[in-house]
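Engineer: Below is a structure I'd like to ask you about.
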Amino acid sequence: MAAPKVIVIGAGPGGLAAAMQLGHAGAEVTLLERREVVGGRTSAIEVDGFRFDCGPTFFLYPRVLAEIFRSIGRVLEEEIPMERLDPQYRLTFGGGGQLDCTPDLDAMDAQIARFAPADVGQLRRYLEDNREKLKRFRPILESPFGSPLDLFRMSLLGAVRHLHPLRSLGSELQRYFSDPRLAIAFSFQAKYLGMSPFRCPSLFSILSFLEYEFGVFHPIGGCSRVSEVMADVARESGVDVRLGEAVTGLRFEGRRVSAVETEQGTYEADAIVIGADFAAAMERLVPDALRRRWSNARLRKKKFSCSTFMLYLGIRGIYDALPHHNIHIAEDYERNLREIEVEHRLSDDPSFYVQNACVTDPSLAPAGKSTLYVLVPVSHMHDHIDWSSERDRFRDLALERLAAIGLGDVRERIEVERVITPADWQDDHHIYRGATFNLAHNLGQMLHRRPRNRFEELDGVYLVGGGTHPGSGLPVIFESSRITSRLLLNDLGLSSEFIDRAALAGC
Ligand SMILES: Cc1cc2nc3c(=O)[nH]c(=O)nc-3n(C[C@H](O)[C@H](O)[C@H](O)COP(=O)(O)OP(=O)(O)OC[C@H]3O[C@@H](n4cnc5c(N)ncnc54)[C@H](O)[C@@H]3O)c2cc1C
């Protein structure tokens, strides 16, 4: 019998991970990517010998990807050397104070004592509570949510007591730390999902737990290197990876997808996996008349994550004293978050993040030089902000603000520079409203209320990546690829046992 034909749209981490597994299982897989490089938001930007990660720089919880590699007979650590970072990152507070966050809990307590002696010991309590929380939450992250009835599965009912679904992350942290800066130190990670900790559900306290418990890693070559290796592994698993070939439309027989169209040709399909940004792909590829729950009108009413303003700077010399990851929290953090999420205006005093990756990985720049990656969380696209007029002003503001972490002379040291604004995310990367972290992760848009892995509106259409369950961020995106691959393989009559076997064995 001929192998079933599966088309995967988009070579981001979600599409790549799904393609690897589907190819290994014996499907005939074609992976179509509109850009000339793999990785999507997790691709590399290369300029004059400098190499930057376009998006992700924090590689957390490698376990999921390690299990996926193992399920297809590969060893992640052998294919992609990684370094665990210590300190994990430096946090500086606009209102005063600095923390070098490390998994060494005694060293953390010594720093916490300088902020608030009464809070010493609370980090250990916090980690213990979150260890239990992750244990309860993992089965939820690892299973599909095909209907509201899935909410009543035992795992979720048992977990509710530990997850406090209605509490915000900010108020959860205030239960542990009296100093507001410490509460922020263990909740700002909500920004990894593009959300304010004051609005994000408390169950996401597991994000900071994952850092302290399992480490913050830097894959040598950057997170984009992970995408490149995955593309190689996919090819070796028999996947036909086609770059520079954008999907322009889908063909349907009734509600069932039958083929995928590109400018180069038409590909018949038994099933397709959409790894492109969910909302943008719906608008561009699926006729509105075929969608009810996710129609264009309904999509417009959904909540979307924030966006990011990016500077990629090739620098003369290296800032030796600056750690790999640096997060600066605005003096009035709540106001900064309100400006991003509620008022949709640019802040005069924004929080920002700087990666100084060459202190760990000199391979990313020519000798005697280094890279700086600057990320400023900003509103997704909104009428209040016109990026064609704001771009240069905001670039200057961002460079000026870098003085707050000791980079006062950065302008004189810039050799190469690239900028990405929310408008570029939207127009060049085809991300709906430039919302870099997809649909927001509020309770109304999670679990069965997020677009489902086996897409509920159409037959033969599956979703992978940050727009489906469990959500945005590399570990959960990789998890989405396992959930989706299992569903699809079983629907096609192929075995997905290899996925479960590796997951059960753990890494
Ligand atoms: C600035 C930034 C920083 C981030 N930092 C982190 C971090 O530190 N850690 C972390 O875990 N996560 C981080 N993330 C979040 C997330 O991990 C990444 O965004 C991730 O790349 C999303 O993966 P994806 O597979 O869902 O989509 P994408 O990476 O966007 O991949 C989708 C792919 O589909 C392609 N495509 C779109 N339309 C078509 C079409 N019509 N035909 C063919 N191909 C198409 C796109 O070109 C793209 O390659 C960050 C994201 C951003 C933007």
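The values are calculated or read from the model by the stated rules, or taken from the named source; none is laboratory data. A quick note: this is a predicted structure, and the numbers were derived from the prediction, not measured. Cβ placement follows ideal geometry from the backbone for every residue including glycine, while neighbour counts extend to all protein chains displayed. Note: accessible area is taken over every heavy atom of the protein model, side chains too, but ligands, DNA and RNA are not part of it. Shrake-Rupley method; radii C 1.70, N 1.55, O 1.52, S 1.80 Å.
Engineer: Can you tell me which residue is most open to solvent (accessible area, probe 1.4 Å) among those in region 232-280 that are out of contact with any strand residue (DSSP E or B) (no Cβ under 8 Å at 6 or more places or on another chain) and near the ligand (Cβ under 10 Å from one of its atoms)?
Structural biologist: LEU243
Engineer: Working only within region 253-294, note down all residues that are of a type in the set (Asp, Glu) and in a strand (DSSP E or B).
Structural biologist: Step one: filter region 253-294 for residues of a type in the set (Asp, Glu), giving 253, 261, 263, 268, 270, 277, 283, 288.
Within region 253-294, GLU253, GLU261, GLU268 qualify.
Engineer: Just checking, how many residues over region 342-377 are over 23 Å from THR57 (Cα atoms) and part of a helix (DSSP H, G or I)?
Structural biologist: Selection size over region 342-377: 2.
Engineer: Taking TYR267 and the conditions (1) in the same structural domain as GLU415 (by TED's automatic domain parsing); (2) farther than 17 Å from ALA440 by Cα, which numbered condition does it fall short on, given that it satisfies the others?
Structural biologist: Here TYR267 clears every test but (1).
Engineer: Which residues, taken from region 55-99, are open to solvent by less than 40 Å² (accessible area, probe 1.4 Å), away from the ligand (no atom under 16 Å from the Cβ) and assigned to a helix (DSSP H, G or I)?
Structural biologist: Within region 55-99, GLU67, PHE69, SER71 qualify.
Engineer: Right, something else. Only residues that are β-branched (Val, Ile, Thr) and within 15 Å of SER307 (Cβ to Cβ): list them for region 383-405, please.
Structural biologist: ILE385 - this is the single residue of region 383-405 that is β-branched (Val, Ile, Thr) and within 15 Å of SER307 (Cβ to Cβ).
Engineer: Which number in (1) open to solvent by 20 Å² or more (accessible area, probe 1.4 Å); (2) closer than 12 Å to GLY275 by Cβ marks the one condition that THR468 misses?
Structural biologist: That leaves (1) as the condition not met.
Engineer: Moving to a separate point now. Could you go through region 403-411 and let me know if any residue there is more than 16 Å from the ligand (Cβ to nearest atom) and in the same structural domain as LEU22 (by TED's automatic domain parsing).
Structural biologist: Looking for residues that are more than 16 Å from the ligand (Cβ to nearest atom) and in the same structural domain as LEU22 (by TED's automatic domain parsing), one finds none in region 403-411, hence no.
Engineer: Ok, one more. Answer with yes or no whether GLU46 is of a type in the set (Asp, Glu) and part of a helix (DSSP H, G or I). Let's see the steps before the verdict.
Structural biologist: Numbers: of a type in the set (Asp, Glu): yes; part of a helix (DSSP H, G or I): no.
No.
Engineer: Would you confirm whether any residue within region 436-447 is open to solvent by 50 Å² or more (accessible area, probe 1.4 Å) and not assigned by TED's automatic domain parsing to the domain that holds VAL378? Outline the logic, then answer.
Structural biologist: Pass one, region 436-447, residues open to solvent by 50 Å² or more (accessible area, probe 1.4 Å): 443.
Those still in the list that are not assigned by TED's automatic domain parsing to the domain that holds VAL378 too: 443.
Checking region 436-447: at least one residue is open to solvent by 50 Å² or more (accessible area, probe 1.4 Å) and not assigned by TED's automatic domain parsing to the domain that holds VAL378.
Engineer: How do the pairs read when you match residues in region 104-121 that are at pLDDT 95 or above with residues anywhere that are among the β-branched types (Val, Ile, Thr) and open to solvent by 40 Å² or more (accessible area, probe 1.4 Å), using Cβ under 8 Å and keeping only pairs 6 or more apart or on different chains?
Structural biologist: Between residues of region 104-121 that are at pLDDT 95 or above and residues that are among the β-branched types (Val, Ile, Thr) and open to solvent by 40 Å² or more (accessible area, probe 1.4 Å), the close pairs are ASP109/VAL120; ILE112/VAL120; ALA113/VAL120.
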